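Participant: Right, I'll just put the structure down here and ask away after.
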Amino acid sequence: MVKLTGHKKIKTAVFISGAGSNLKSLIKFSKIKSAPISINLIISNTNKAKGLKYANFFNIKKKIFTFKNIKHSEKNILKLLKREKIKFICLAGFMKILTSNFIKKFDGKITNIHPSLLPKYKGLNTHERAIKNKEKFTGCTVHYVTAKLDSGKIIIQTKVNITVKDNSKSLAKKVLKQEHKLYPAAILKVFN
Ligand code: GAR
């Protein structure tokens, strides 16, 4: 757990690999006066991540690390995080698995958003699997990141109904809409 000290916002980095819609919702949230975090750095493993556009739009520093050599990338990320005085990390659609060595350095200070009701449907293609298993509902989870994939302590979850009309695309859209509310709510829970 991290406690908010004084009135200064906690400098936060968001790691992305894709569209960055969760990044956008976190940036918007961080601009609210009472938000406990500020987004000061965006990290991606690919320059193809569409979400990188928010770095320019909101004037936030961005940096790409390829993760072709994981140890090398993580070492350089840690250096950058230190230089930028980053104290908290939000993974938001970041599709690389961080090593336990990296996670240890930010123990209890990394969160992730996952498109299922963990502990159900860890990993990829969560919506396809939920539909295939004829689940009546699914959802999204924000959890602390530990060395074991999608297994850290759960901070908060939201349920989403699955109807007979749903396919993985429509379900992903419905869940994503909830994710955008859930991540800010999780951050408030972490720091209050
Ligand atoms: C979100 O649905 C997020 O939960 C998921 O990727 C999407 C990213 O969307 N993350 C994972 O699957 C992590 N295992 P975004 O780039 O628009 O925020």
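The values are calculated or read from the model by the stated rules, or taken from the named source; none is laboratory data. Since this is a predicted model, take the numbers as computed values, not measurements. FYI the Cβ positions are ideal-geometry reconstructions off the backbone, even for glycines, and counts take in every protein chain you see. Heavy atoms of the whole protein, side chains included, go into the accessibility calculation; ligands, DNA and RNA do not. Shrake-Rupley method; radii C 1.70, N 1.55, O 1.52, S 1.80 Å.
Participant: Anything in region 152-192 that is assigned to a loop (DSSP other than H, G, I, E, B), open to solvent by less than 60 Å² (accessible area, probe 1.4 Å) and either within 14 Å of the ligand (Cβ to nearest atom) or polar (S, T, N, Q) (or both)? List them, or say none.
Facilitator: GLY152
Participant: While we're on this one: Pull out all pairs, ordered by first then second residue, where Cβ-Cβ is under 6 Å, the residues are six or more apart or on different chains, the first lies in region 149-172 and is at pLDDT 95 or above and among the β-branched types (Val, Ile, Thr), and the second is open to solvent by 30 Å² or more (accessible area, probe 1.4 Å) and within 14 Å of the ligand (Cβ to nearest atom).
Facilitator: As it stands, the answer is THR158/GLN178; VAL160/LYS174; VAL160/GLN178, since those pairs meet every condition given.
Participant: When you scan region 29-80, how many residues do you find that are touching a residue at least 60 places away in the same chain (Cβ under 8 Å) and within 16 Å of the ligand (Cβ to nearest atom)?
Facilitator: Here the count works out to 1.
Participant: Report yes if some residue within region 65-82 is of a type in the set (Lys, Arg) and within 18 Å of the chain's Cα centre (by Cα); otherwise report no.
Facilitator: Scanning region 65-82 turns up no residue that is of a type in the set (Lys, Arg) and within 18 Å of the chain's Cα centre (by Cα).
Participant: Something else: Any residue at all in region 16-24 that's touching a residue at least 40 places away in the same chain (Cβ under 8 Å), in a strand (DSSP E or B), open to solvent by less than 70 Å² (accessible area, probe 1.4 Å) and closer than 28 Å to LYS174 by Cβ?
Facilitator: Taking every residue of region 16-24 in turn, at least one turns out to be touching a residue at least 40 places away in the same chain (Cβ under 8 Å), in a strand (DSSP E or B), open to solvent by less than 70 Å² (accessible area, probe 1.4 Å) and closer than 28 Å to LYS174 by Cβ.
Participant: Restricted to region 43-66, and to residues that are part of a loop (DSSP other than H, G, I, E, B) and not aromatic (Phe, Trp, Tyr), which residue is most open to solvent (accessible area, probe 1.4 Å)?
Facilitator: Among those that are part of a loop (DSSP other than H, G, I, E, B) and not aromatic (Phe, Trp, Tyr), it is LYS48.
Participant: Here's another thing I want to ask about it. So SER73 passes all but one of these: (1) over 14 Å from TYR183 (Cα atoms); (2) in contact with a Gly (Cβ under 8 Å, 6 or more places away or on another chain); (3) assigned to a helix (DSSP H, G or I). Which condition number does it fail?
Facilitator: (2)
Participant: Continuing with this model, one more query. Scanning region 85-101 for residues that are open to solvent by 80 Å² or more (accessible area, probe 1.4 Å) and within 12 Å of the ligand (Cβ to nearest atom), which turns out farthest from LYS50 (Cα to Cα)? Before the answer, list the steps.
Facilitator: Taking region 85-101 first, the residues open to solvent by 80 Å² or more (accessible area, probe 1.4 Å) are 85, 87, 95, 97, 101.
Narrowing the set further to residues that are within 12 Å of the ligand (Cβ to nearest atom) leaves 95, 97.
Numbers: MET95: 14, ILE97: 20 Å.
In this case the residue turns out to be ILE97.
Participant: Another question about this same structure. Determine, yes or no, whether ILE16 is within 19 Å of TYR144 (Cα to Cα) and of a type in the set (Val, Ile, Thr). Let's see the steps before the verdict.
Facilitator: Details: within 19 Å of TYR144 (Cα to Cα): yes; of a type in the set (Val, Ile, Thr): yes.
Considered against the rule, which asks whether it is within 19 Å of TYR144 (Cα to Cα) and of a type in the set (Val, Ile, Thr), ILE16 comes out as yes.
Participant: Determine which member of the set PHE65, PHE57, PHE29 is modelled with pLDDT of 95 or more and under 23 Å from ILE155 (Cα atoms).
Facilitator: Checking each option against the conditions leaves just PHE29.
Participant: Sticking with this structure for a sec: Looking at this structure, is LYS96 over 13 Å from the mean Cα position of the chain (by Cα) and touching a residue at least 60 places away in the same chain (Cβ under 8 Å)?
Facilitator: no
Participant: Still on this structure, please answer the following. For ALA130, only one of the following conditions fails: (1) within 16 Å of the ligand (Cβ to nearest atom); (2) open to solvent by 10 Å² or more (accessible area, probe 1.4 Å); (3) in contact (Cβ under 8 Å) with a residue 40 or more places away in the chain; (4) not aromatic (Phe, Trp, Tyr). What is its number?
Facilitator: Single failed check for ALA130: (2).
Participant: If only one of THR141, THR163 is closer than 17 Å to GLY93 by Cα and hydroxyl-bearing (Ser, Thr, Tyr), which one is it?
Facilitator: That would be THR141, the only listed residue that is closer than 17 Å to GLY93 by Cα and hydroxyl-bearing (Ser, Thr, Tyr).
Participant: Can you report the number of residues in region 102-124 which are over 16 Å from the mean Cα position of the chain (by Cα), in a loop (DSSP other than H, G, I, E, B) and surrounded by fewer than 22 Cβ atoms within 10 Å (Cβ to Cβ)?
Facilitator: The number of residues fulfilling the criteria is 2.
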